[in-house]
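Here the structure is laid out as C-alpha cells; the discussion comes afterwards.
The values are calculated or read from the model by the stated rules, or taken from the named source; none is laboratory data. Quick caveat: nothing in here was measured; it's all calculated off a predicted structure. The accessibility values were calculated without ligands, DNA or RNA, using every heavy atom of the protein model including side chains. Shrake-Rupley method; radii C 1.70, N 1.55, O 1.52, S 1.80 Å.
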Amino acid sequence: MVIITLQRAKCIGCNYCVELAPQQFQMSRRDGKSVLLKSIEKKGFFTLKSKDETIFENADKAKEACPVKIIDVKQV
C-alpha cells in the first residue's frame with residue numbers, strides 16, 4: 001500500500017508535483033495550490049491511501065522535488 005500526504009496550506013504552487021505525478025496531483029484553478037486527487041482531508045493534511053504500488057515511484061519523485069517539503073510518501 002502507498003500512502004501520500006500533502007500539507008496543502010503550505011503549498012507555494014510551484015507545479016513540480018503535477019509535472020512528476022499527474023495521476024495524483026492537480027493544480028487548483030481557484031487558489032493555484034496543489035490538490036491531492038482522491039484524498040481525504042483531516043486537520044489540514046490531505047491523505048491518499050492506494051493499493052496501486054505503481055504510483056509510488058512518481059509520487060516519491062514529486063516528494064523529492066517539492067521545494068517546501070510538504071509531501072510525504074510511504075510504502076507499507
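Quick notes on this structure:
- Angle between the chain longest axis and helix 56-65 axis [Cα atoms, degrees, rounded to 10]: 40
- To put it simply, the accessible area of the chain at a 1.4 Å probe is 53 percent carbon and sulfur.
- Take the chain with all the other protein chains still there, run a 1.4 Å probe, and you get 65 Å² of accessible area per residue.
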